[in-house]
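Throughout, read-outs are computed from the coordinates displayed, never taken from laboratory work. Only a predicted model underlies this, so the values are computations on that prediction, with no experimental measurement involved. Virtual Cβ from ideal backbone geometry, glycine too; neighbours counted across all protein chains shown.
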Amino acid sequence: EASPPASVGHGRVGEPAPEAALRSRDGDPVSVADLRGRPVLLNLWATWCLPCIAEMPELTRLVDRYRDRGLELIGVSIDSGDAVDKVRAFIAEHEAPFSAVWLDPGMSLPDALRLRASVDEVIEADDPTLAAALETALEPGED
C-alpha cells in the first residue's frame, strides 16, 4: 500500500510552487515559481535564530547526501531589509551550504507556501519526516 506524499505545512511535496516573488541578497528579483520542476529545499532562517545556527551542519550533510540527485538548498532570510550585510556575514561565518540566498523581510513566502506557524526547532540528523519528503521530491518522475 503506497503511503501518502510527505508534506510540509499544508502544501504537499510535488505540488506546483506558488507565485511568490522575493529578492536575492544582491537585490535581483527571484521567484519561487522559477523553481518548478526542480527538487528544492527552502530553508527559512534568520541571523538572530539560534536553532538556525545549530542546524547548519545537518543542512550541509543533507546537501552532501542529495546533491548528486539534484537537490538544491535555498536559504530564505527573514531578517529585516536593511540586514543584508549581517546575512552575508552569517553565511560566511557558519559556512551555510545554500546554493542561493533570498531575502524575505516581510515573510511573504510562508503565506504563499501555506505554511503553518513556524517552529523554531533544529533540523535533527536523519529526521524521518524530512528524509521522506526529500525522497519523494527526488524520485524520478514518469515520462
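Details
- In order through the stretch 87-92: 3J(HN,Hα) via Karplus (6.51 cos²θ - 1.76 cosθ + 1.60), integer Hz, x for Gly, Pro: 4, 4, 5, 4, 4, 5
- Gyration tensor (alpha-carbon) shape descriptor, the stretch 29-104, a/c threshold 1.5: oblate
- When the square roots of the Cα gyration tensor eigenvalues are ordered a ≥ b ≥ c, the ratio a/c for the stretch 66-118 is 1.5 or more and a/b does not exceed b/c, which makes its shape oblate.
- Vicinal HN-Hα couplings computed from phi for the stretch 68-84 (Karplus, 6.51 cos²θ - 1.76 cosθ + 1.60; Hz; Gly/Pro x): 5, 9, x, 5, 10, 10, 10, x, 10, 7, 9, 4, 4, x, 9, 9, 4
- Site pair residue 132 and residue 85 shows an inter-label distance of 4.6 nm when each label is modelled 7 Å from Cα along Cα→Cβ.
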